[in-house]
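Quick note: the coordinates plus some simple rules give every number you see, no bench work behind them. Quick caveat, the model's predicted, so the values are computed rather than measured. With ideal geometry, Cβ positions are generated from the backbone for all residues, glycine too; neighbour counts draw on all protein chains shown.
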Protein chains: 2
Amino acid sequence: MPVRPPRPSSPPLNALRAFEAAARLGGVTKAAEELCVTPGAVAQHIKALEDWAGARLFDRHAKGVTLNELGERSLPDFLAAFDQMNRAVQNLRMNAAPNSVRIATLPSLAQLWLSPRMPGLRAAFPQARISIAALEQPPNLAREGYDIAIFLEPKTSRGGLILAEDHILPVCAPALAKQVQQPADLAAMLWLKDSLWPDDWAMWVQKTQLALPNLPETVSYSLYSLALEEARNGAGILMGHDFLVQASLLDGSLVAPFNTPVSTGKVVKARLRDGDQRGLSPRLVRALAAAA
Amino acid sequence: MPVRPPRPSSPPLNALRAFEAAARLGGVTKAAEELCVTPGAVAQHIKALEDWAGARLFDRHAKGVTLNELGERSLPDFLAAFDQMNRAVQNLRMNAAPNSVRIATLPSLAQLWLSPRMPGLRAAFPQARISIAALEQPPNLAREGYDIAIFLEPKTSRGGLILAEDHILPVCAPALAKQVQQPADLAAMLWLKDSLWPDDWAMWVQKTQLALPNLPETVSYSLYSLALEEARNGAGILMGHDFLVQASLLDGSLVAPFNTPVSTGKVVKARLRDGDQRGLSPRLVRALAAAA
DNA sequence: TTCTAGACCTAGAAAAACTGAGCCTAGTAT
DNA sequence: ATACTAGGCTCAGTTTTTCTAGGTCTAGAA
């Protein structure tokens with residue numbers, strides 16, 4: 001009759017996850033957002049882990065928590081462990097559904113750049129189940145459930161595949177263009193801008209070395225496609241990104257009063273998840289790059 | 001107002017753990033034992049994971065499960081992930097309580113070899129909080145909550161620190177020894193043996209090249225210390241392991257009728273957990289080795 | 001054929017996690 | 001100085017998840 005004493009128990013995995021998230025993001029509240037629970041739940045997990053270990057992992061302050069020495073010492077181990085765990089999960093997802101591809105991209109890119117290309121893509125890869133998620137921030141591909149990320153990055157960033165350069169140029173409805181004969185006329189108009197790219201106008205003005213008599217009124221939109229729609233309706237003049245307004249310029253719903261495009265120093269890049277170098281996603285990305 | 005769509009959810013960590021255990025141990029029941037739950041619970045976890053992935057991981061047979069191709073492909077990732085996770089947990093435990101040391105060893109070693117040495121050890125390391133667990137099988141030090149494992153291993157095994165050689169030699173109570181003048185007398189006696197080492201007698205008989213007229217009666221004990229106690233009470237003759245009977249030989253409660261010790265080819269080895277090369281445990285092991 | 005080991009299934013019970021509301025603290029603004 | 005605020009903690013009650021018990025099913029062994 002073999003002796004089988006209860007083995008020393010390990011702490012609950014969910015508590016470890018809560019600790020890792022709070023430590024990585026630097027706060028209980030941020031961790032709670034990532035884990036889609038309330039901060040109280042995360043606090044309880046962390047407390048449970050600290051009770052298990054018999055020692056504190058965080059210093060508590062009125063404005064947030066910081067890792068203490070023990071926490072600081074433990075964090076790298078847990079980061080590595082959860083990295084590996086998520087990699088394993090993503091690989092499993094990919095192997096279990098090799099025809100499903102998830103693309104994460106900016107809302108504007110999703111609607112104005114990717115969407116028009118989807119029919120061609122679906123035709124070229126009829127077996128693929130492609131889904132698109134619009135995110136404002138690029139996801140961590142190793143951890144989150146996306147296979148491809150398409151975002152704006154500095155030209156100088158390493159890796160990834162360039163899909164388009166980012167050039168900006170004012171655009172407006174054809175009717176409005178008549179009022180814009182010379183650059184100085186711009187100052188009299190309503191400037192439309194995307195709240196994600198608040199500095200587009202300043203950059204264009206600076207690089208074209210325009211001297212404007214006074215600052216114009218501006219309106220911000222949280223979605224580029226909204227601003228674009230307004231521009232087409234003649235609401236004002238929009239700072240256009242070439243890869244986003246190309247279609248509208250081609251169909252004539254927008255025109256560019258000046259032919260002075262300016263590079264923002266950024267590019268649209270597609271990145272693949274590590275460990276997904278042989279599947280459907282790389283072929284899909286190559287097709288996108290070729291079509292661009 | 002930033003768009004924050006719900007990120008694609010990852011599967012429950014506990015389901016991953018159930019899968020990993022079942023795959024590693026080759027069965028739902030074995031995994032359930034390791035996780036201290038019923039097989040049904042493990043089966044449900046695995047099913048949940050398979051539902052999440054949308055694909056099966058195991059082939060089900062009437063007698064057990066086997067990994068299918070997807071499971072086989074995914075297992076190494078999860079083994080690595082849980083290895084790392086457990087390493088992280090053990091490091092946390094060690095760093096949180098650097099004075100606590102957990103030793104895992106055979107029940108017999110715990111009672112007859114380690115226990116007599118503990119007072120000296122506690123005197124040499126007064127700050128140490130040493131706990132001992134008696135296991136029949138050596139634990140996986142990277143995963144389970146032990147810092148030191150002391151077990152019998154083949155002489156040829158790599159690593160670890162040798163604490164004692166394993167020699168065997170029949171021993172009995174002094175009163176009984178009078179009936180054993182020559183080896184052939186052994187056959188008439190009751191042989192006591194530990195059920196963990198059923199072959200001790202055969203090995204000794206073979207190596208000493210004794211020709212016994214007939215096979216004696218034997219009695220098995222599940223604990224060596226029980227057999228030893230019985231031997232001291234004169235119940236029969238016990239195959240003694242030197243490091244276990246030394247104390248009894250010294251205090252005279254047991255004697256060895258023949259001076260023909262035989263090496264079993266094994267040694268008592270202490271092993272340390274990876275990542276615990278600087279703490280209290282290594283010093284403790286060195287002290288044990290020095291005392292031996 | 002019956003027996004058995006191992007897995008699966010389901011309903012109900014037990015345990016864990018989560019929420020919501022209130023409290024606390026220490027910077028910051030008034 | 002006082003009020004405000006952000007961020008975290010705590011507690012009770014609720015929801016959700018997980019677990020168990022007991023039964024069923026299957027295929028290989030006796």
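Please give me the summed charge of the neighbours of residue A:59: other residues whose Cβ is under 11 Å from its Cβ, Lys and Arg +1, Asp and Glu -1.
In short, 0.
List the lysines whose alpha-carbon lies under 26 Å from that of residue A:193, not counting same-chain residues fewer than 8 positions away?
A:155, A:178, A:207, A:266, A:269
State, to one decimal in nm and shortest first, how far the label point of residue A:178 sits from each corresponding label point in the other identical copies (label point: 7 angstrom along Cα-to-Cβ).
Label-point separations across copies, in nm and ascending: 13.4.
Averaged across A:159-165, how many Cβ atoms of other chains sit within 10 Å of each residue's Cβ atom? Before the final figure, lay out each step's value.
Values: counts 0, 0, 0, 0, 0, 0, 0.
The per-residue average across the peptide is 0.
Which FRET efficiency value, to the nearest 0.05, do you get for residue A:60 and residue B:142 by plugging their Cβ-Cβ distance into 1/(1 + (r/R0)^6) with R0 = 30 Å?
Working: r = 32 Å, r/R0 = 1.08.
That pair, residue A:60 with residue B:142, gives E of 0.40.
Size of the dipole of the range B:13-94 about the Cα centre, Lys and Arg at +1 and Asp and Glu at -1 on the beta carbon, nothing else charged, in debye to 20?
On the way: 10 positive and 10 negative charges, 35 e Å.
Dipole about the Cα centre, nearest 20: 160 debye.
Which aspartates and glutamates have a Cα less than 13 Å from the Cα of residue A:30, not counting those fewer than 8 places away in the same chain?
Residue A:30 reaches A:20.
Relative contact order, percent, of chain B when contacts are C-alpha pairs under 8 Å separated by at least 6 residues?
Values: 440 pairs, mean separation 59.1, N = 292.
It comes to 20 percent, rounded to a whole number.
Would you please give the FRET efficiency between residue B:250 and residue B:158, computed as 1/(1 + (r/R0)^6) with r the Cβ-Cβ distance and R0 = 22 Å, to the nearest 0.05?
0.10
Residue B:278: net charge of surrounding residues, Cβ under 14 Å, Lys/Arg +1, Asp/Glu -1, itself excluded?
+1
Ratio to report: Rg/Rh of the protein assembly as shown, with Cα atoms as the point set and Rh obtained by the Kirkwood method; give two decimals.
In the protein assembly as shown, Rg relative to Rh is 1.19.
Which one of B:275, B:182, B:224 has its Cα pushed farthest toward the positive end of the charge dipole of the range B:125-277, where Lys and Arg give +1 and Asp and Glu give -1 at the Cβ?
About the Cα centre, the residue reaching furthest to the positive side is B:275.
At 0.36 nm per residue, minus the direct Cα-Cα distance, what do residue B:260 and residue B:206 gain on full extension? Give it in nm, one decimal, please.
Details: separation 54, 0.36 × 54 = 19.44 nm, distance 1.22 nm.
Gain on extension, residue B:260 to residue B:206, equals 18.2 nm.
In debye, nearest 20, what is the charge dipole magnitude of the range B:165-263 about its Cα centre with +1 on Lys and Arg Cβ and -1 on Asp and Glu Cβ, if you could check?
260 debye
Relative contact order of the range A:189-292: what whole-number percent is it, with Cα pairs under 8 angstrom and at least 6 residues apart?
Over the range A:189-292, the number comes to 28 percent.
What ranking do A:66, A:264 get, fewest neighbouring Cβ atoms within 10 angstrom at the top? Intermediate values should be presented prior to the final figure.
On the way: A:66 13, A:264 19.
Lowest count first: A:66, A:264.
Fewest Cβ neighbours within 10 Å first, please rank B:230, A:20, B:217 accordingly.
Fewest-to-most Cβ neighbours within 10 Å comes out as B:217, B:230, A:20.
Please rank B:19, B:243, A:78, fewest neighbouring Cβ atoms within 10 Å first, as an exposure proxy.
Values: B:19 28, B:243 20, A:78 24.
Ascending Cβ contact count within 10 Å gives the list B:243, A:78, B:19.
What is the dipole size for the protein assembly as shown, taken about its Cα centre, with +1 at each Lys and Arg Cβ and -1 at each Asp and Glu Cβ, in debye to the nearest 20?
Rounded to the nearest 20 debye, it is 280 debye.
On a C-alpha basis, how far is the centre of the range B:63-101 from the centre of the range A:32-106 in Å? Whole number, if you could?
16 Å
So what's the angle, to the nearest 10 degrees on a 0 to 90 scale, between helix B:69-96 and the longest Cα principal axis of chain B?
70 degrees
Tell me whether the range B:136-196 comes out rounded, prolate or oblate; compute the Cα gyration tensor, take square roots of the eigenvalues as a ≥ b ≥ c, and use a/c under 1.5 as the rounded threshold.
prolate
Ignoring everything except DSSP H segments at least 4 long, calculate the 222 nm mean residue ellipticity for chain B; use -39,500 (n - 2.57) per segment, divide by total residues, nearest 500.
On the way: 10 runs with 117 residues, N = 292.
For chain B, the value works out to -12500 deg cm²/dmol.
Could you state, as a whole-number percent, how many of the C-alpha pairs of the range A:13-94 are farther apart than 17 Å? Could the numbers behind the result be given before it?
Working: 1467 of 3321 pairs.
So the pairs more than 17 Å apart make up 44 percent of the total in the range A:13-94.
Given contacts defined as C-alpha pairs under 8 Å and at least six residues apart, what's the relative contact order of the range A:13-94, whole-number percent? Could you put the intermediate results ahead of the total?
On the way: 79 pairs, mean separation 22.9, N = 82.
Relative CO of the range A:13-94 lands at 28 percent.
Between residue A:47 and residue B:229, what is the spin-label point distance in nm, taking each point 7 Å from the Cα along the Cα→C-beta axis?
Taking the two extended label points, one gets 4.6 nm.
If I model chain A as equal point scatterers sitting on the Cα atoms and use the Debye formula, what is log10 I(q)/I(0) at q = 0.08, 0.09, 0.14 Å⁻¹?
-0.51, -0.62, -1.05
Going 7 Å from Cα along the Cα-Cβ axis for the label, what nanometre distances separate residue A:286 from the same residue across the other copies?
The answer, with the shortest distance listed first, is 5.8 nm.
State the answer as a single residue: which of A:14, A:149, A:254 lies farthest towards the positive end of the charge dipole of chain A, with beta carbon charges of +1 for Lys and Arg and -1 for Asp and Glu, about the Cα centre.
The residue sitting most towards the positive pole is A:14.
Provide the percentage of antiparallel DSSP beta bridges, counting only those with both residues in chain A; round to the nearest 5.
60 percent
Name the residue from B:23, B:45, B:90 whose Cα lies farthest towards the positive end of the charge dipole of the range B:13-94, charges +1 on Cβ of Lys and Arg and -1 on Cβ of Asp and Glu.
Result: B:90, furthest along the dipole toward the positive end.
Closest to the B-onto-A rotation axis, which residue of chain B has its Cβ, and how many Å off the axis is it?
Axis-proximal residue of B, distance in whole Å: B:13, 2.
Semi-axes of the equivalent ellipsoid of the range B:193-292: what are they in whole Å, largest first, if each equals the square root of 5 times a C-alpha gyration tensor eigenvalue?
On the way: eigenvalues 200, 52, 38 Å².
Semi-axes (√(5λ), whole Å): 32, 16, 14.
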